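Beneath this line is the structure, given in structure tokens, with notes to follow.
The values are calculated or read from the model by the stated rules, or taken from the named source; none is laboratory data. Note that this is a predicted model, so its numbers are computed, not measured. Because the Cβ atoms are built from the backbone with ideal geometry, glycine has one as well, and the counts that use them run over all protein chains shown. The accessibility values were calculated without ligands, DNA or RNA, using every heavy atom of the protein model including side chains. Shrake-Rupley method; radii C 1.70, N 1.55, O 1.52, S 1.80 Å.
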Number of protein chains: 2
Amino acid sequence: MKKLINTPESVLTDALTGIAAVHPELRVDFDHRLIVRADAPKAGKVALVSGGGSGHEPLHGGFVGPGMLDAACPGEVFTSPVPDQVLAAAKAVDGGAGVLFVVKNYTGDVMNFQLAAELAADEGVTVRTVLVDDDVAVQDSTWTAGRRGTGATLFVEKIAGALADRGADLNKVAEMAEKVNAASRSFAIALTACTTPSAGRPGFDLPEDEIEIGVGIHGEPGRSRGKLQPAKDLVGIAMDAILRDQPMAAGDKAIVLVNGLGGTPLIELYVVAGEVAAVLAGQGVPIAASLVGDYVTSLDMAGVSITVCRADEEMLELWAAPVATPALRWGT
Amino acid sequence: MKKLINTPESVLTDALTGIAAVHPELRVDFDHRLIVRADAPKAGKVALVSGGGSGHEPLHGGFVGPGMLDAACPGEVFTSPVPDQVLAAAKAVDGGAGVLFVVKNYTGDVMNFQLAAELAADEGVTVRTVLVDDDVAVQDSTWTAGRRGTGATLFVEKIAGALADRGADLNKVAEMAEKVNAASRSFAIALTACTTPSAGRPGFDLPEDEIEIGVGIHGEPGRSRGKLQPAKDLVGIAMDAILRDQPMAAGDKAIVLVNGLGGTPLIELYVVAGEVAAVLAGQGVPIAASLVGDYVTSLDMAGVSITVCRADEEMLELWAAPVATPALRWGT
């Protein structure tokens, strides 16, 4: 294993040290392991909190800032944050209007955010939770009852975050978050496995000529193994799964995320983006907004995930609203 | 080799197709292989053109837009753009105030941009060229007389681009570009080699327990091979080389780029960023601005480059000015 780390045990703390050093607009709480907007709490604003295992950067810490998250709770690599950590985040950002938890649907995350929500309620902080479960690859997975949560998390955090920024109340923000999740579908393909610092070797074996079709963001098995195929054919498989689950037609508009899993060069992601656009164009669906790059990663895994949101005008307008975070910034 | 491509021969065209599909604010000229601001030429504004071999994305196409480049000329992977291509770019963006070529110091690039500048002059387009040669690792390298150009290219393009945006004339923009290059130093460390689509195998052999210290962005040999060390020690080697070449002291301010080479997870880059900040803090130098992420890549190479610019107030102010490109965007 070759990684730019000091020790496997100190990766998260050392990364938080780096975040604190280069992002003065954020506050890093090393005791609780939180990344918080430096100006939190914002009185009267619904606060958004997300989190999950580390190793998916920039998710979630890279999405903390005006117009998106108020705090992120990074767990150890591929490990859920603990309830006390999430509770501390909720208390740090609650400005009196309540807190929305954005939770990817993994059993550990769901349980720990649920416990934190109960603890928060005991302390007078109103919490609502949205579960993100956009991955159409498999119904139940290694660490999931139901579908896994992946790229749509970014859409939920951006769009609901923009609505919160405008002063909407907790129920309205939560409803929008649910609506965005319901409108989004994802599918991922891995070319290689990823290696966690603590394990020191790839999380699963993938022969040199095989790929994992429908992989999860921790390397969980997908639908099948297969031979490597041209990008056009792989995108065909992914988009077929996405559009079977949520058909789109002329008149619909898409927000598209072509997301690198960590080890795939950007030039390849643009090749994929071109094929995604061609499939959508074949349905008469224009790409109204898009991101191409590494946003929801799996450490050093080579591969791509595609997320498509069937966006209404309100979502598009909120998507375009100003945001100022380490990984997503425009309009400010 | 596992890559998300259709064929090795079509990678560049297919990637340009993707760029055209998701970036309507850019114009892709498939015949000449150019990425151009859709609103070019801007009358009376000095235009900036850069380019080089593909495989370093988002450099340069991802930096085309208001406040930065007017056009980028991507060559084939790790291959210089051709003179006619660069000439076409210059003609496409010249708004009557002349064109600045930003050229990384590699022999092929230098020669082809020089030829293009002569052809442009014949057609009445005034061109000035700035050579970027910030890599302190080695004096001459595989494809270089003198130092290689790397991360400082981004600093030059951003800061000189902002000055051009404000209406400065060609000489002023070129002087600023030279000033930024002269104030910047880089050093890179590779953990793995990279694989070009056409070669299909790693460009050099790097044993499982060794790293290349001072590597170039095409995998050119650096200063030495060594065993993998903790991030703190590797950063120490890199920062020592940078600060020996350009000492910094209390009162100086730094713009820092902690740049992933393509295959390194963001969490590791933040570990590196923390160590870079600690070294600079030891010199009494605050990080006034920074970027952490994949900006000047080497396909799927795992590793990091560190670039430090000793920035004066004018550079810092121009750095903060609005920019709207696929890979760098703020203030708009």
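One table, with the values for the structure above:
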read-out: Residues being of a type in the set (V, I, T), closer than 29 Å to B:V173 by Cα and out of contact with any helix residue (DSSP H, G or I) (no Cβ under 7 Å at 6 or more places or on another chain) - total across the stretch B:1-56; value: 0
read-out: From B:T107, B:T153, residue being among the hydroxyl-bearing types (S, T, Y) and out of contact with any Phe, Trp or Tyr (no Cβ under 7 Å at 6 or more places or on another chain); value: B:T153
read-out: Unique match (being of a type in the set (G, A, S), surrounded by fewer than 24 Cβ atoms within 10 Å (Cβ to Cβ) and closer than 24 Å to A:E57 by Cα) among A:G161, A:G146; value: A:G146
read-out: Residue check for B:V272: modelled with pLDDT of 95 or more, closer than 26 Å to A:L269 by Cβ, within 11 Å of chain A (Cβ to nearest Cβ) and open to solvent by 10 Å² or more (accessible area, probe 1.4 Å); value: no
read-out: Whichever residue in the stretch B:275-291 is in a helix (DSSP H, G or I) and in contact with a helix residue (DSSP H, G or I) (Cβ under 7 Å, 6 or more places away or on another chain) and, among such residues, is least open to solvent (accessible area, probe 1.4 Å); value: B:V276
read-out: Failed item, numbered, when B:K3 is tested on (1) without any contact (Cβ under 8 Å) to a residue 60 or more places away in the chain; (2) within 13 Å of chain A (Cβ to nearest Cβ); (3) charged (D, E, K, R); value: (1)
read-out: Looking only at the stretch A:8-30, and only at residues there that are of a type in the set (V, I, T) and more than 7 Å from chain B (Cβ to nearest Cβ), the one that is farthest from B:V235 (Cα to Cα); value: A:V28
read-out: Among residues of the stretch A:300-332, those that are open to solvent by 40 Å² or more (accessible area, probe 1.4 Å) and in a strand (DSSP E or B), counted; value: 2
read-out: Odd one out for A:P265, checked against (1) touching a residue at least 12 places away in the same chain (Cβ under 8 Å); (2) within 11 Å of chain B (Cβ to nearest Cβ); (3) over 16 Å from the mean Cα position of the chain (by Cα); value: (1)
read-out: Failed criterion for A:I242 (all others in (1) in contact with a Leu (Cβ under 9 Å, 6 or more places away or on another chain); (2) touching a residue at least 24 places away in the same chain (Cβ under 8 Å); (3) not in a strand (DSSP E or B) hold); value: (1)
read-out: Given (1) assigned to a loop (DSSP other than H, G, I, E, B); (2) surrounded by 24 or more Cβ atoms within 10 Å (Cβ to Cβ); (3) hydrophobic (A, V, I, L, M, F, W, C), number of the condition A:A97 does not satisfy; value: (2)
read-out: Among the residues listed as B:V256, B:V285, B:V279, the single one being under 18 Å from B:L316 (Cβ atoms), more than 8 Å from every other protein chain (Cβ to nearest Cβ) and among the hydrophobic types (A, V, I, L, M, F, W, C); value: B:V285
read-out: Considering residues of the stretch A:220-232 that are within 27 Å of A:D133 (Cβ to Cβ) and open to solvent by 10 Å² or more (accessible area, probe 1.4 Å) only, the residue farthest from the chain's Cα centre (by Cα); value: A:G226
read-out: Enumeration of residues in the stretch A:78-90 that are among the hydrophobic types (A, V, I, L, M, F, W, C) and in contact with a Leu (Cβ under 7 Å, 6 or more places away or on another chain); value: A:L87, A:A88, A:A89
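To keep it simple, each residue is scored yes or no on (1) within 20 Å of the chain's Cα centre (by Cα); (2) open to solvent by 50 Å² or more (accessible area, probe 1.4 Å).
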site	(1), (2)
A:N171	no, yes
A:N181	yes, no
A:G203	no, yes
A:I217	yes, no
A:G236	no, no
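The rows are residues; the columns are (1) in a helix (DSSP H, G or I); (2) assigned by TED's automatic domain parsing to the domain that holds B:A168; (3) in contact (Cβ under 8 Å) with a residue 40 or more places away in the chain; (4) surrounded by 24 or more Cβ atoms within 10 Å (Cβ to Cβ).
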site: B:V103; (1), (2), (3), (4): no, yes, yes, yes
site: B:D109; (1), (2), (3), (4): yes, yes, yes, yes
site: B:A117; (1), (2), (3), (4): yes, yes, no, no
site: B:L131; (1), (2), (3), (4): no, yes, yes, no
site: B:A137; (1), (2), (3), (4): no, yes, yes, yes
